[in-house]
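The next block holds one structure in the form of structure tokens; read it before the comments.
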2 protein chains.
Amino acid sequence: MGQEVTIAVDGMGGDQAPDMVIGGLDIARRRHDDVRFLIFGDQDRIAPLMRGRSELAAIAEIRHTDQAVRADDKPSQALRQRRDSSMGLAVAAVKSGEASGIVSAGNSGALMAMSKLALRTIPGIGRPAMCATMPTSRGRSVVLDLGANVDCDERNLVQFAMMGAAFARIILGIARPTVGLLNVGEEEIKGHEALRLAAGMLRAADMPFEFVGFIEGNDITAGTTDVVVTDGFTGNVALKVAEGTSRLYTEFLRHAFQNGILAKLGYLLARGAMAGLRDRVDPRLYNGAVFLGLNGVSVKSHGGMDAVGFAAAVNVAVDLVADNLKGKIIEDYQRFGDGGLDEVSATAL
Amino acid sequence: MGQEVTIAVDGMGGDQAPDMVIGGLDIARRRHDDVRFLIFGDQDRIAPLMRGRSELAAIAEIRHTDQAVRADDKPSQALRQRRDSSMGLAVAAVKSGEASGIVSAGNSGALMAMSKLALRTIPGIGRPAMCATMPTSRGRSVVLDLGANVDCDERNLVQFAMMGAAFARIILGIARPTVGLLNVGEEEIKGHEALRLAAGMLRAADMPFEFVGFIEGNDITAGTTDVVVTDGFTGNVALKVAEGTSRLYTEFLRHAFQNGILAKLGYLLARGAMAGLRDRVDPRLYNGAVFLGLNGVSVKSHGGMDAVGFAAAVNVAVDLVADNLKGKIIEDYQRFGDGGLDEVSATAL
């Protein structure tokens, strides 16, 4: 890693906070040499959790606040009234430069709003996008936007492709990721206008990723491309349909194993293998959605995660900071700009 | 059923046609008392398949043509050049009134184009929608539009709700189905403008279904509502993500059962129960996508289906004709029109 990475942590966000936050940090710190945590939250609740965790305590600093963003706070409300909350102060620490990234398992809308306002988008980037990985037949794929922007134009989509590819280079460790634009396949339908324009721009560009063209919904889990680009409405639905289908299948599988004495016995024998299956679709492995495109790394952990899941989100934040996500995006954007983003876009509009 | 139902059948559409077509008809006819089939296709290939199927032969008539729509025909090309194909003639038989519905496992785009041109939309209905059922935790839900319309306005969505509910009353046998509008849940995002307008119109209307408001992607498989309404872009992606995730899970499960001797033995014991699981997610059960809103029932069977799957699509067509789908849609549309569709829409626009 080389240089020290400081991550600001919302100690009070998430269903099982602060316990799972501290537990998660204690797991995550083992993977990184030079990491420091600034933990914002209720000192009286967090300090006792540090006992018996001397190695974590040595690299962590607790900053007290008795305020927290509530799950039902609206984003606008959080911006106005929760500036001194654990989330608000953690975001502010990234803005001031004390930390390079923030991780929170709290209210998504509030985190997105606070991160956007405080960190602002990287110059040239129109809108940040929410990005995460999903399980595929070949491993994992990066999917964005997962819900930050309902309506996207071709420039947004092109920038999502750039940012998603930079994310994939760091998180998946793929030097030249493949990128697909999510579309529909019926002959009659040629997709949204923005999709066609974005495809033209991406085909013409010389970028550190390979644009393979349009893909369809089933290509996400097939792992056809390393990066899947779509608007925030479609991406949000796709993510939740995948989660729901996985849950349905698990439920059907559980019923099947309870269906008679032979099935129950079979389950006992195959239990170890079934644990392996569970691990492959374990949502904790895919935890950590990132708001890409900001001046600072902002990672959302799912609110219902345990310590292992929270640790995964922390790992994402540390890796993105250590491998300079922002620098990669700026570099690609400048390269793409030179490669004709403005030109192509000007003719397209 | 009461009165005779005549279904026109594209004998040559689908990967395993005409064998699986004839096999499927022979399965489907057992479920219906008073059904007749007009089968269009190559007499020399179809007639031999009728041998040993005297009960099917008694209610089926073969109409010869040596033309067929090809899988790679573009819709416009099919309209111009394949009028005398098995698909084209089958659609024409519905237009002429000889048959009340058509089933084809051939080229989707061609079937949609031919059906729209020949059958036209029911007066008042802006656009037909593609509709099918998907497996849920509670049974099955009706989802539309699955790909006929990329961009939908609020009137289209309201009409999809009406048509989907009529479909659910017939196919799911639910007297007063619940209907949800697919949206995204992030706080920052309030969904598309068309969605908000459609929700307002549906809330105000007095209809033979219960509008429950917005739902999210995971609600589809949870079975939160009997009918899920969305635009054709999102619906197509959702359907394919669900199929892909189901395939991924099956693949992971297969790997898990091959993982060591205990797992293999466990599989042998649980095999019967696993077959039960397979049945619950068997895509053949959900086969038969309908173009709703036309003057005649047009059903698309998946191209890769076998006879059992094709029979399911035929059953859908027969049930929709026998239970007078078109009459139900017209009745609901008139009722909704009185209930304020034009008014609400006029103020909304």
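The values are calculated or read from the model by the stated rules, or taken from the named source; none is laboratory data. Source: prediction; values computed, not measured. Cβ sites come from the backbone with ideal geometry, for glycine too, and all protein chains shown count toward neighbours. Side chains included, ligands, DNA and RNA excluded: accessible areas come from the protein's heavy atoms. Shrake-Rupley method; radii C 1.70, N 1.55, O 1.52, S 1.80 Å.
Quarter the surface of the alpha carbon convex hull of chain A and you get the mean projected area, 20.0 square nanometres. A dipole drawn for the stretch A:49-120 from +1 and -1 charges on Cβ atoms has a positive end, and of A:100, A:89, A:111 the residue lying farthest that way is A:111. Each other copy holds its own label point for residue B:34; taking that point as 7 Å from Cα along Cα to Cβ, the gaps run 8.4 nm, nearest first. Counting from the shortest, the label point at residue A:64, 7 Å from Cα toward Cβ, is 9.6 nm from the same position in each remaining copy. Surface burial for A against B, with a 1.4 Å probe and both sides summed, reaches about 5800 Å² of accessible area.
Contact residues in the stretch A:188-233 by the 20 Å² criterion (accessible area, 1.4 Å probe, full protein complex versus chain alone): A:188, A:189, A:192, A:216, A:217, A:218, A:221, A:233. What the phi angles of the stretch A:209-225 give under the Karplus curve with 6.51, -1.76 and 1.60, with θ = phi - 60°, is a coupling list of 8, 10, 7, 9, x, 7, 10, 10, x, 5, 6, 4, 6, 6, x, 4, 10 Hz, glycine and proline written as x. About its Cα centre, the protein assembly as shown has a charge dipole of approximately 1300 debye under the convention of +1 per Lys or Arg Cβ and -1 per Asp or Glu Cβ, with nothing else charged.
Give the peptides A:124-134, B:74-84 in descending order of average Cβ contacts within 10 Å, highest first.
Values: A:124-134: 22.8, B:74-84: 16.6.
Ranked from most to least packed, the peptides come out as A:124-134, B:74-84.
Close amide-amide hydrogen proximity is noted between residue B:141 and B:134, B:136, each under 5 Å apart and 5 or more residues distant or on a separate chain (H modeled in the peptide plane; Pro and chain starts excluded).
Counting only protein heavy atoms, what percent of the accessible surface of chain B is carbon or sulfur at a 1.4 Å probe?
Carbon-and-sulfur percentage of accessible area, whole number: 47.
Which of the three applies to the stretch A:27-153, rounded, prolate or oblate, going by the alpha-carbon gyration tensor with a ≥ b ≥ c and a/c under 1.5 meaning rounded? Verdict is oblate for the stretch A:27-153. Each Cα pair under 8 Å and six or more residues apart adds its separation to the average, and for chain A the resulting relative contact order is 24 percent. Candidates B:59, B:71, B:48 compared by Cα position along the dipole of the stretch B:13-74: farthest toward the positive end lies B:59, with charges placed on Cβ. Along the stretch A:266-283 the Karplus relation, 6.51 cos²θ - 1.76 cosθ + 1.60 evaluated at θ = phi - 60°, assigns HN-Hα couplings of x, 5, 4, 6, 8, 4, x, 5, 5, 5, x, 4, 4, 4, 5, 10, 4, x Hz to successive residues, with x for each Gly and Pro.
Per residue of peptide A:272-281, the mean number of Cβ atoms on other chains within 10 Å of the residue Cβ is 6. Taking amide H atoms as placed 1.01 Å from N in the peptide plane, the amide H of residue A:215 lies under 5 Å from those of A:181, A:182, A:183, each 5 or more residues away in sequence or on another chain.
Under 5 Å from the amide H of residue B:210 lie the amide H atoms of B:178, B:179, each residue being 5 or more positions distant or on a separate chain, with H modelled from the backbone and absent for Pro and chain starts. The shape of the stretch B:182-318 comes out oblate: with a ≥ b ≥ c from the C-alpha gyration tensor, a/c is at least 1.5 while a/b does not beat b/c. For chain A, the solvent-accessible area works out to 39 Å² per residue, with a probe of 1.4 Å and every protein chain left in place. Backbone phi angles across the stretch B:11-19, fed through the Karplus curve with coefficients 6.51, -1.76 and 1.60 (θ = phi - 60°), yield HN-Hα couplings of x, 10, x, x, 4, 10, 6, x, 3 Hz in residue order; Gly and Pro are listed as x.
Across peptide B:178-184, the average count of Cβ atoms from other chains found within 10 Å of a residue's Cβ is 3.
Put simply, the Cα atoms of the protein assembly as shown extend 86, 62, 50 Å along their principal axes, the longest span coming first. Bridgeable lysines around residue A:264 (alpha carbons under 19 Å apart, same-chain partners fewer than 8 residues away excluded): B:264. Taking every DSSP bridge with both residues inside the protein assembly as shown, close to 30 percent are antiparallel.
Please report the antiparallel percentage of DSSP beta bridges with both residues in chain A, rounded to the nearest 5.
On the way: 12 of 41 bridges.
Around 30 percent antiparallel, to the nearest 5.
Label points for residue B:139 are taken 7 Å from Cα along Cα→Cβ. From this copy to the others they lie 4.5 nm apart, shortest first.
Just checking the output field for A:256-266: average partner chain Cβ neighbours within 10 Å of each residue's Cβ?
The mean count of partner-chain Cβ atoms within 10 Å per residue comes to 6.
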